[in-house]
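Notes for the one structure printed next.
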Amino acid sequence: MSLVNLSHVCSHLQNASLARLGLTSIPYTKLHLSLALLLHKQGFLSQVKLGGASPPAACFPPQAQPDNHRITSAPHTNRDPRSGEAALHELVYRKRSEQDLREEGFGDEAVEFALQHRQLSKGQLERDGWDAKALDFLLEHGQKPPQQLEEEGFDQTAISIIARHSLQDAMAAVREALHRDGLIEDQLSTTQIEHRLRTHLRTTGFPRETLAYFAGPAHSFATPRHLANDGITLQAMGLDIDSQPITTLPPSSRDPDALESESAITRANRASRRLWLGLKYSSDGTSVLSKARMVSKPTKRIWLDAWDLGKVVRGSNSGEVRGMGRVGEVMAVSTDRGVMEARECVERRVGGMVLCRIW
């Protein structure tokens, strides 16, 4: 982990915001990618795209006329008519089957790519509301024994879901949280207990397989609406990058030299790959990201446990780390579970090295 390079990234983002740039790039490393995804999740960045020395065509809206004629990506129809993106386009938009793709000459790798990305991700299923369906099912049938569930006609998958997400364990966690807050279960109404139970289960989350079960085959696969709004999720360095579009771009945005896709990372081009970030501004021109400052330094790395992070999040100082008192301020922490925001670390009770703070 290079804190020197991370400090350069923080300075660059701050200077890019002062210069009112709409698009900028940073070197492609796992740490930079983790921080960029965190800032995108927190609302500081409008987009995170993989690209080369020039911005990828996906950074520009389809109706735009980019003045950069060295675009590093081209639509799949121009790049490779038998690519994985092309196979996915055929599956979703033209309703082709796997057998049709193989008969048309698509290779095993392209077909596998299309079948994998045709399935809706966990986040997409949650946005479609299937986590609420799973919650309702657990609260209604979670306390029934397996024999009764079989008699009522539930299959083994539903029974295993109830066994995996035990209401007894969830209720025990709710009681523990009430005890920490100095409350007693008898003091709360049934509606309040159910609300806390729902909040706990929603925070714990459901795996994609559970959400896909409740969605069913008709709603667990991507539609043209999903691809247009959400794009696909690509994996880079073990991290998921959401909202990577595969839309066909107009000729004005196409690469004249038919260079490779921004999503293609190989040993030969990895050193030249960059992360292209879209900066956000308010209606009056004020930058959403105004400051980005390091907390840990190469010569002095600062580690905080969950308790100390809780003090910082609530506005109190912890050692040399000042409390978070600015509106919209976030703090990036490197943990054994990846780069996380300080509030999420407190919620999950994990500590780590404090990297930087952004507001």
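The values are calculated or read from the model by the stated rules, or taken from the named source; none is laboratory data. As the structure is a computational prediction, the values presented were derived from the model and not from experiment. Every residue, glycine among them, receives a Cβ derived from its backbone with ideal geometry; neighbour counts consider all protein chains shown.
What helices (runs of 4 or more DSSP H) lie completely within the range 105-210 and have 2 or more residues being buried (at least 17 other Cβ atoms within 10 Å of the Cβ)?
Ranges flagged: 108-118, 122-127, 130-141, 156-164, 167-180, 190-204.
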**Prompt:** If Lys311 satisfies every condition in (1) in a strand (DSSP E or B); (2) out of contact with any helix residue (DSSP H, G or I) (no Cβ under 6 Å at 6 or more places or on another chain) but one, which is the exception?
**Reply:** (1)
**Conditions (1) at pLDDT 75 or above; (2) small (Gly, Ala, Ser); (3) outside any helix (DSSP H, G or I); number of the one not met by Ala228** = (3)
**Prompt:** Taking Ala271, is it over 20 Å from the mean Cα position of the chain (by Cα), in the same structural domain as Leu23 (by TED's automatic domain parsing) and among the aliphatic types (A, V, I, L, M)?
**Reply:** yes
**Complete:** Residue count, the range 211-224, condition assigned to a helix (DSSP H, G or I) and over 20 Å from the mean Cα position of the chain (by Cα), comes to 4
**Request:** Determine which member of the set Asp100, Asp181, Asp169, Asp186 is of a type in the set (D, E, K, R) and within 25 Å of Ser220 (Cβ to Cβ).
**Result:** Asp100
